[in-house]
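Notes follow once the structure below has been shown.
The values are calculated or read from the model by the stated rules, or taken from the named source; none is laboratory data. What you see is a predicted model, and the numbers here were worked out from it, not measured in a lab. Because the Cβ atoms are built from the backbone with ideal geometry, glycine has one as well, and the counts that use them run over all protein chains shown. Just so you know, the surface numbers come from the protein's heavy atoms only, side chains and all, with ligands and any DNA or RNA stripped out. Shrake-Rupley method; radii C 1.70, N 1.55, O 1.52, S 1.80 Å.
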Amino acid sequence: MLKIRNLHATIENKEILRGINLDINHGEVHAIMGPNGSGKSTLSAVLAGREIYKVTKGEVLFDGKNLFDLSPEERAREGLFLAFQYPVEIPGVSIVNFLKTALEEKRKHLGLEPMSPSEFLKMMREKKELVEFDSKLENRAVNAGFSGGEKKKNEILQMAFLDPKLAILDETDSGLDIDALRIVANGVNKLKNENNSFVVITHYQRLLDYIVPDFVHVVFNGRIVKSGDKNLALELEEKGYDWIKKEVDELNN
Amino acid sequence: MDESKKIINQLQDKKYDAGFTTNIEQDIFPPGLNEDVIRKISEIKEEPEWFLEWRLKAFRFWQKQKMPNWAHLDFEPIDFQAISYYAAPKNTPKYNSLDEVDPELLDTYKRLGIPLEEQKILAGVAVDVVFDSTSVHTTFKKELEKLGIIFCSMSEAIKEHPELVKKYIGSVVPYSDNIISALNTAVFSDGSFVYIPKGVRSPVELSSYFRINAINTGQFERTLIIADEDSYVSYLEGCTAPQRDENQFHAAVVEIVALKNAEVKYSTVQNWYPGNKEGKGGIYNFVVKRGMCKGDYSKIFWTQVETGSAITWKYPSTLLMGDNSISEFYSVAVTNNMQQADTGSKMIHFGKNTRSRIVSKGISIGKSQNSYRGLVDIKKTAENSRNYTQCDSLLIGDKCGAHTFPYINVDNQTATVEHEATTTKIAEDQIFYCQQRGLDEEKAVALIVNGFAREVMAKLPMEFAAEAKKLLEITLEGSVG
Ligand SMILES: Nc1ncnc2c1ncn2[C@@H]1O[C@H](COP(=O)(O)OP(=O)(O)O)[C@@H](O)[C@H]1O
Ligand SMILES: [Mg+2]
């Protein structure tokens, strides 16, 4: 699914990613943890194709294709989805309209006919149910005046609609109360199958109680410094990141 | 079958014949403006003496006027003596089939969803008599006549309904109002006339059926709409299709009168040729539009979507005379490339408990300049009147400009006047968010712009709204990257 090799990236000439290596296979869930500022959001933005970040070294294969040959919208249409840590507002554009536009772009890319209004409504009903999305929100403008939790649920609704091959969730759990957290996690679990993969960026073990990861990676200073199974997350929860920082320092000395 | 075809052919020939009844030299006047020109226009149109006198007064007033220079517009002075002031309506088609028409133009029509037969007329292609707009016109007119609604050309109204014309024309926009109203009064060739009798609600949007007929009345258009007590009408002006015109200078006047309890909705989509990327060749569009809420509880609603013209100078306004009268102005103005627009609204409150609302959305792209100019004027008599003005600008790129000139005058302390203004740029993270969902940059910008303009677009009549939305998208093309 995704092969990241020695990925380096900068913003404003400041090197943020310093050699990321990661393999993600079909059907796997990977959790990425690490202190603030270590480069987790940068990694997701680089994969999604945000122009303000410059890739200076390394390569990424997405289903065998060179990811950097694709524009951001092509990556999206090919099935790469990013649930943003800070979803932006688009005033005046209703969620329904936004979903419909996005879906049609994807269908066009796949050579499919536009959906009929009744098919779309049916899909809308199904997906809303799947992620327990509040119907009152669907005619409101995308994220405009939404609470933090509403924004995150909107991200999950979009993910359900676009049914991605690879979904990256950037701190989707931050700021969620326990009910919202369960809804988000359930959504992911229902969408999960042997053909798609998830990357879950989080600070908290509690999300990983619901979405059980196959692998846990710790990012520090723009590198993956430790990988393990779900027990690594428990260990981090208990001990914090300091021992990892120490390990890294020792290695460097 | 053959027989009927023959008859149709004959009818068709006749129709084109009719276009040539005046002799060729009279088809178009030589350039220049003087009293003789005005007399000749009036004569061709067989106008009554009082009408000619009114035109001449306007002309004499016009001679003493100068073009105003307060607008935020930059253009070469207009040489009024280089313009021809009358051209007979031409019925001769320029082309025999759509194959001969500029494919780019046809592509635009198609994307706007304009029916094939209308495309032909717009592009100047000969049409089958099967789609004879005049016959559609007549059946439709009969329907309206049953209700007592008068909907005809201004020339016809002057002849057939002189008492109504005499009473109301110039009553909202006197010729002496400004240089444009004076010029238009002196030389206008035609336009539309609407009268809705007491207690009648027009069952259809007027002029939507006639968008084609409205074309080529062109350069100096005159419209008068009278809504009698307790009546209702929705009137649509213009066309989303890009309109070309040999005449660079347009000066139109629209007058609306709403009597007691009457309601008038006036919607405009303006897409005159804006000129090329360097700003060459576009239309200068100078318009005086004004409504009068004459009776108590009367209402006038303006909605406009302005995407065309090199220069736009237009301030649809309402005089709120009647107590408890209401007026609203909703506007989207898009400028691209070298376009310049100075547009807005005036709400002048005389009556008690009068209410007005102005919502203006300006979108500037390229090197264009987009100005909002508005006046809210609360007169001494306007007890408890209220105005709310919201004025939003959206900038795309960093070479364009958005400007707001709100003027407020309050002479009655019981009034409430609110003004809000915002200027925003489309943010990089908004575009990226859309791209991450599969939209390319151009689609993303179009979506964001449509969202920005939604409040206004929602005010358009249904059949106009879908076309106007596509028009916005097409106008934005090539504005990014
Ligand atoms: N737009 C930016 N300009 C300059 N520095 C940035 C920008 N965005 C992120 N950074 C820096 O990059 C580093 C990594 O940030 P980020 O990827 O957001 O970390 P994380 O998601 O792991 O908390 C931080 O030091 C942050 O300050
Ligand atoms: Mg982050």
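Side notes on the structure shown:
- If R0 equals 41 Å, the separation of the Cβ atoms of B:ARG201 and B:ASN34 corresponds to a calculated FRET efficiency of about 0.35.
- Helix-derived mean residue ellipticity, 222 nm - over the protein assembly as shown, DSSP H n ≥ 4, -39500 (n - 2.57), to 500: -10000 deg cm²/dmol
- For A:GLN85, distant residues with modelled amide H under 5 Å away: A:ASP170
- The mean number of Cβ atoms from other chains found within 10 Å of a Cβ in peptide A:46-58 is 1, as a whole number.
- Model label sites at B:THR424 and B:HIS72, defined 7 Å from Cα along the beta-carbon direction, differ in position by 1.9 nm.
- Charge tally around A:SER135: other residues with Cβ under 15 Å, Lys/Arg +1 each, Asp/Glu -1 each, net +1.
- Heavy-atom accessible area ranking, 1.4 Å probe, most first, across B:HIS72, A:HIS203, B:HIS349: B:HIS72, A:HIS203, B:HIS349
- Each residue of the range A:163-179 was assigned a 3J(HN,Hα) from its phi angle through the Karplus curve 6.51 cos²θ - 1.76 cosθ + 1.60 (θ = phi - 60°); the sequence is 6, x, 6, 10, 10, 10, 10, 8, 6, 4, 7, 5, x, 8, 7, 5, 5 Hz, with glycine and proline shown as x.
- Options B:SER298, B:PHE80, B:ALA310, ranked by Cα towards positive dipole end of the protein assembly as shown, top entry (Cβ charges): B:SER298
- With all protein chains in place and a 1.4 Å probe, the accessible surface of the protein assembly as shown carries 49 percent carbon and sulfur.
- Simple label model, 7 Å out from Cα along Cβ direction - A:VAL212 to A:ASN21, nm: 2.9 nm
- Projected label points at B:SER97 and A:ASN252, each 7 Å from Cα along the beta carbon direction, are separated by 7.6 nanometres.
- With a cut-off of 12 Å between beta carbons, the residues surrounding B:LYS260 carry a summed charge of -3, where Lys and Arg count +1 and Asp and Glu -1.
- Accessible area (Å², per residue) of the protein assembly as shown, counting only protein heavy atoms and a probe of 1.4 Å: 45 Å²
- Occluded residues from the range B:391-432, i.e. those whose accessible area drops by 50 Å² or more once the chain is not alone (1.4 Å probe): B:GLU428, B:GLN430, B:PHE432
- Comparing the range B:243-330 with the 2.2 N^0.38 Å rule of thumb, its C-alpha radius of gyration ratio is 1.29 (two decimals).
- Extension gain, A:ASN186 to A:GLU51, is 45.3 nm, computed as 0.36 nm per intervening residue step minus the present C-alpha separation.
- Angle between chain A longest axis and helix A:117-130 axis [Cα atoms, degrees, rounded to 10]: 40 degrees
- In Å, descending, principal axis extents of the Cα set of the protein assembly as shown: 103, 73, 48
- The range A:2-252 - share of DSSP beta bridges that are antiparallel (%, nearest 5): 60 percent
- Chain A: radius of gyration over Cα atoms, expressed as a fraction of 2.2 N^0.38 Å: 1.02
- DSSP beta bridges fully contained in the protein assembly as shown are about 20 percent antiparallel.
- Tilt relative to chain A, helix A:230-239 - C-alpha long axis, 0 to 90 degrees, to 10: 60 degrees
- Lysines with Cα under 24 Å of A:LYS226, excluding same-chain neighbours fewer than 8 positions away: A:LYS3, A:LYS14, A:LYS40, A:LYS57, A:LYS239, A:LYS245, A:LYS246
- Note on B:GLU455/A:MET123: beta-carbon distance plugged into 1/(1 + (r/R0)^6) with R0 of 22 Å gives a FRET efficiency of 0.20.
- Put simply, the amide H of B:TYR297, placed in the peptide plane, has neighbours under 5 Å in B:ASN261, B:ASP323, B:ASN324, B:SER325, leaving out anything fewer than 5 places away on its chain.
- Folded to 0 to 90 degrees: helix A:242-252 orientation relative to chain A principal axis, Cα: 60 degrees
- Between the range A:8-34 and the range A:91-129, the alpha-carbon center distance in angstrom: 31 Å
- The spacing between the range B:414-436 and the range A:156-222, judged by their C-alpha centroids, is 32 Å.
- Scalar couplings 3J(HN,Hα) for the range A:56-71, obtained by applying the Karplus form with A = 6.51, B = -1.76, C = 1.60 to θ = phi - 60°, are 9, 7, x, 9, 9, 9, 10, 6, x, 8, 5, 4, 6, 7, 9, 6 Hz; x denotes Gly and Pro.
- Other-chain or far-sequence residues with amide H under 5 Å of B:SER371's (modelled H): B:ALA341, B:ASP342, B:THR343, B:HIS403
- Chains B and A together bury some 2200 Å² of accessible area, summed over both sides, with a 1.4 Å probe.
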